[in-house]
Amino acid sequence: MTAVEPMAAATARLRAAGLRVTAQRIALLMAVDESAGHADADTLRDVARRVTGGLSLQATYNVLRALTNAGLIRCTMIPGHPGRYETERGDNHHHFVCRSCGTVRDVECAVGRAPCLDPGLPDSYEVDEAAVTFWGLCPDCNDAAK
Ligand SMILES: [Zn+2]
Ligand SMILES: [Zn+2]
């Protein structure tokens, strides 16, 4: 892959996904791509504002929903936390969440493709995804608890 200017790359991905290209969508897609992953809407809004200027939290959620629905980004809902966003890589990975500090990290899918767990339902059900969240303590919180 050749190095493409991030704004041009974001524009191309929006077009390829059939989305209307707007400054807010470009800014938020770039913010998600540039983040280390699993950033919440508030954090992404702060980053995107450096590009677009004014951006309400409601507009941020609307754009993130459109990007998620278009398959460009992935939203992980974790009970008790705001939704976390990351670039969709189609790798069906799972997440580890620290109960203490809320840190989220990726866990590779053990099987490699969705759904990676067999729910044992009758064949008349079509299951396409299993969302697995592992809970526990991250190394920092584990040390602090000792
Ligand atoms: Zn922690
Ligand atoms: Zn992830």
**Prompt:** Per 10 Å bin, what is the whole-percent P(r) computed from every C-alpha pair distance within region 94-145?
**Reply:** 23, 36, 25, 13, 3
**Neighbour-limited loop hits for trypsin sites (Lys or Arg not before Pro), region 1-72 (at most 13 other Cβ within 10 Å; DSSP other than H, G, I, E, B)** = 20
**Request:** For the chain, would you read off the P(r) tail past 22 Å as a percentage of all alpha carbon pairs?
**Result:** 48 percent
**Item:** Rg over Rh, two decimals, region 6-78 (C-alpha only, Kirkwood Rh)
**Value:** 0.91
**Fill in**
Low-density loop chymotrypsin sites (Phe, Trp or Tyr not before Pro), region 32-128, at most 11 other Cβ within 10 Å, DSSP non-H/G/I/E/B, are 125
**Message:** At 1.4 Å probe radius, can you tell me the per residue accessible area of the chain in Å²?
**Reply:** 62 Å²
**Computed [θ] at 222 nm, helices only, for the chain once each DSSP H run of length n ≥ 4 contributes -39500 (n - 2.57)** = -11500 deg cm²/dmol
**Request:** Assuming R0 = 41 Å, can you tell me the calculated FRET efficiency for the pair residue 103 and residue 16, based on Cβ-Cβ distance, to the nearest 0.05?
**Result:** 0.80
**Message:** Quick test of your reading: applying the under-4.7 Å Cβ rule, which cysteines of the chain are isolated?
**Reply:** 75, 101, 109, 116, 141
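Per the 1.4 Å probe, what fraction of the accessible area of the chain, in percent, lies on carbon and sulfur atoms?
Ligands and nucleic acids excluded, carbon and sulfur reach 51 percent.
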**Asked** Can you give the extra length, in nm with one decimal, that the chain gains between residue 34 and residue 46 once fully stretched, where that is 0.36 nm per residue apart less the Cα-Cα distance?
**Response** 3.1 nm
**Prompt:** Mind checking the dipole of the chain: about its Cα centre, +1 per Lys or Arg Cβ, -1 per Asp or Glu Cβ, Debye to the nearest 20?
**Reply:** 600 debye
**Item:** For region 68-139 and region 6-35, distance of Cα centres in Å
**Value:** 23 Å
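The values are calculated or read from the model by the stated rules, or taken from the named source; none is laboratory data. Fair warning: this is a prediction, and the values are worked out from it, not measured in the lab. Methodologically, a virtual Cβ is constructed for each residue, glycine included, from the backbone with ideal geometry; neighbour enumeration extends over all protein chains shown. For accessibility, only protein heavy atoms count, side chains too; no ligands or nucleic acids. Shrake-Rupley method; radii C 1.70, N 1.55, O 1.52, S 1.80 Å.
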